[in-house]
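Take a look at the structure below.
The values are calculated or read from the model by the stated rules, or taken from the named source; none is laboratory data. Not measured: the values here are computed from a predicted model. Glycine gets a Cβ as well: all are built from the backbone with ideal geometry, and neighbour counts include every protein chain shown. In case anyone asks, the SASA skips ligands and DNA or RNA and just uses the protein heavy atoms, side chains included. Shrake-Rupley method; radii C 1.70, N 1.55, O 1.52, S 1.80 Å.
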Amino acid sequence: MPAIYLVKGRDKSVRRKHPWIFSRGIAKVEGNPQLGETVDVLSHNGEWLAKAAYSPNSQIRARVWTTEPNQDIDLGFFIKRIKDAHLVRQEAIARSNLTGFRLIAAESDGLPGITIDKYDNYLVCQLLSAGAEFQKDVLVQALTEVFPNCNVYERSDVAVRKKEGLEERVGVLHGDAPPNFTTINENDLKILVDIKNGHKTGFYLDQRDSRIESMKYVENKDVLNCFSYTGAFGLYALKGNAKRVINVDVSQPALDTAKQNAIENDLDISKKRAVFLNADVFQVLREYRDQGTTFDVVIMDPPKFVSSKQNLTSGAKGYKDINMLAMQILKPGGTLLTYSCSGLMDTSLFQKIIADAALDAKRTVKFVERFEQAADHLTDSAYPEGFYLKGFACKVL
Ligand code: SAH
């Protein structure tokens, strides 16, 4: 098997089971490994440390599959990893009777570069690393053995594949193509998921817990749901007897699904109780502020603004601006439910950004509750980067 030798001192993180080996940590490559091929990882003096997938085009030059010397990277390996991932989610799945959940959270489940969401009997895969692509056939075989009744669909249409030297790919990997919509249950709500054309694998499963917690703030309130996507937070608000919900997103297909979701759940959206507004959130917030339009509750769940360390400052500014605007349109005593899915911005920095926004908005802000990604988006003790989603409930005076 080809091998990589680490620079002296760069073995520490591998010994601590962190899965990433950066190009600058590699002293020597032996045996001409191909894109995604499995290599032995050795310390500078030849001590065996791990088996990893080789990624010649990426800064993350190798991703560790295992630190067990006798473990082959074969069908049995993938079956074990998938079963383990299912096992550690058992309570979360049973507790909420989930029919849609994250089955494999990549590095956090010992399968670097592999994300798999299960929507009813569809397993939707996003393969983001050369190693994941190299192992695709055996991965699909393992999935069909563990879930014999499931279809497997690929949604690897993500730009980061380029960094790994891979083309974007979508399509059936096993069984049937997904229908236009697959229905999942989430906390007694029915949610339509467009596996083929939706964002990522189709739905933002990670906000499940925050959504149910949001219900306690909405009864008889005027709610603005910013970055609504398919309206999930808005559905909870309607179910929680909000007076009115305005969902704002720039994606018309997402808004169409949001409306359909409300109808499927028999929620009353007559007399403009629910509005589905195709608009830019930044612009809408400014307009409301300038017109003096106010709300009791603002939900702020934007896309990831910080995609690399280089744009941390500009991303932070984006978070500050939208949260400042949200505070400015809240009635005194209103609630801001605000989230950040930027892993590179930790909770304390996010809290500081909200504090800055409060100063600029000239409002007094009290943090009353904290939120995190749902339990199926677990994190491995050796891979703290797996924690990315945080949020606050704030009362604004
Ligand atoms: N809150 C959603 C997930 C939001 S994902 C849920 O619970 O499912 C982020 C959404 O923001 C996407 O749907 C995207 O279309 C939308 N978006 C991105 N930039 C936007 C902008 N400037 N204005 C409005 N929507 C935007």
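Report yes if residue 107 is within 17 Å of residue 18 (Cβ to Cβ) and without any contact (Cβ under 8 Å) to a residue 24 or more places away in the chain, otherwise no.
When the stated conditions are applied, residue 107 does not pass them.
Take the conditions open to solvent by less than 30 Å² (accessible area, probe 1.4 Å), out of contact with any Phe, Trp or Tyr (no Cβ under 7 Å at 6 or more places or on another chain) and at pLDDT 95 or above and apply them to residue 50. Does it pass?
So residue 50 fits the description; yes.
Checking residue 187 against (1) at pLDDT below 95; (2) open to solvent by less than 10 Å² (accessible area, probe 1.4 Å), only one condition comes out false. Which one?
For residue 187, the exception is condition (2).
Suppose we filter region 329-349 for residues that are open to solvent by less than 30 Å² (accessible area, probe 1.4 Å) and away from the ligand (no atom under 13 Å from the Cβ); how many remain?
Total meeting the criteria: 6.
May I ask you to say which residue of 47, 68, 107 is within 24 Å of the chain's Cα centre (by Cα) and of a type in the set (Asp, Glu)?
So the residue among 47, 68, 107 that is within 24 Å of the chain's Cα centre (by Cα) and of a type in the set (Asp, Glu) is 107.
With the structure loaded, tell me whether residue 241 is within 15 Å of the ligand (Cβ to nearest atom) and among the polar types (S, T, N, Q) or whether it fails that test.
no
Given the criteria within 15 Å of the ligand (Cβ to nearest atom) and free of Cβ contacts under 8 Å to residues at least 12 places away in the same chain, does residue 352 qualify?
Here the answer is no, as residue 352 does not meet what is asked.
Just for region 295-328: of the residues that are more than 16 Å from residue 357 (Cβ to Cβ) and near the ligand (Cβ under 9 Å from one of its atoms), which one is most open to solvent (accessible area, probe 1.4 Å)?
So, considering only residues that are more than 16 Å from residue 357 (Cβ to Cβ) and near the ligand (Cβ under 9 Å from one of its atoms), the one most open to solvent (accessible area, probe 1.4 Å) is 304.
Here is a check on your reading of the model: is residue 154 assigned to a helix (DSSP H, G or I) and not small (Gly, Ala, Ser)?
Considered against the rule, which asks whether it is assigned to a helix (DSSP H, G or I) and not small (Gly, Ala, Ser), residue 154 comes out as no.
Within the group 240, 292, which residue is farther than 27 Å from residue 180 by Cβ, in contact with a helix residue (DSSP H, G or I) (Cβ under 6 Å, 6 or more places away or on another chain) and small (Gly, Ala, Ser)?
Answer to the selection: 240.
Which condition number in (1) modelled with pLDDT of 95 or more; (2) under 21 Å from the mean Cα position of the chain (by Cα); (3) open to solvent by less than 30 Å² (accessible area, probe 1.4 Å) is the one that residue 197 fails?
Just one mismatch for residue 197, condition (3).
Tell me the residue from 309, 304, 272, 317 that is charged (D, E, K, R) and within 23 Å of residue 204 (Cα to Cα), please.
Step by step, each of 309, 304, 272, 317 is checked, and only 304 is charged (D, E, K, R) and within 23 Å of residue 204 (Cα to Cα).
When residue 283 is evaluated against the numbered criteria (1) among the polar types (S, T, N, Q); (2) open to solvent by 10 Å² or more (accessible area, probe 1.4 Å); (3) within 9 Å of the ligand (Cβ to nearest atom); (4) under 30 Å from residue 168 (Cα atoms), which criterion, by number, is the only one it fails?
Evaluating residue 283 over (1) among the polar types (S, T, N, Q); (2) open to solvent by 10 Å² or more (accessible area, probe 1.4 Å); (3) within 9 Å of the ligand (Cβ to nearest atom); (4) under 30 Å from residue 168 (Cα atoms) leaves (4) as the failure.
Could you look through region 244-256, keep only residues that are crowded, with 17+ Cβ neighbours inside 10 Å and more than 10 Å from the ligand (Cβ to nearest atom), and pick out the one that is farthest from the chain's Cα centre (by Cα)?
That would be 244.
Sort out which residues of region 175-232 are touching a strand residue (DSSP E or B) at 6+ places or on another chain (Cβ under 9 Å), hydroxyl-bearing (Ser, Thr, Tyr) and within 13 Å of the ligand (Cβ to nearest atom), and write them in order of number.
Matches in region 175-232: 201, 210, 214, 228, 229, 230.
Could you check region 63-116 and list, in sequence order, the residues that are in a loop (DSSP other than H, G, I, E, B) and under 18 Å from residue 139 (Cα atoms)?
Once the filter is applied, which keeps residues that are in a loop (DSSP other than H, G, I, E, B) and under 18 Å from residue 139 (Cα atoms), region 63-116 yields 71, 72, 73, 74, 110, 111, 112, 113.
Given (1) under 25 Å from residue 147 (Cβ atoms); (2) within 27 Å of the chain's Cα centre (by Cα), identify the lone condition not met by residue 76.
(2) is the only condition that residue 76 fails.
Looking at (1) open to solvent by less than 10 Å² (accessible area, probe 1.4 Å); (2) in contact (Cβ under 8 Å) with a residue 40 or more places away in the chain; (3) more than 19 Å from residue 102 (Cβ to Cβ), which one does residue 239 not meet, given that it meets all the others?
In the conditions (1) open to solvent by less than 10 Å² (accessible area, probe 1.4 Å); (2) in contact (Cβ under 8 Å) with a residue 40 or more places away in the chain; (3) more than 19 Å from residue 102 (Cβ to Cβ), residue 239 misses (1) alone.
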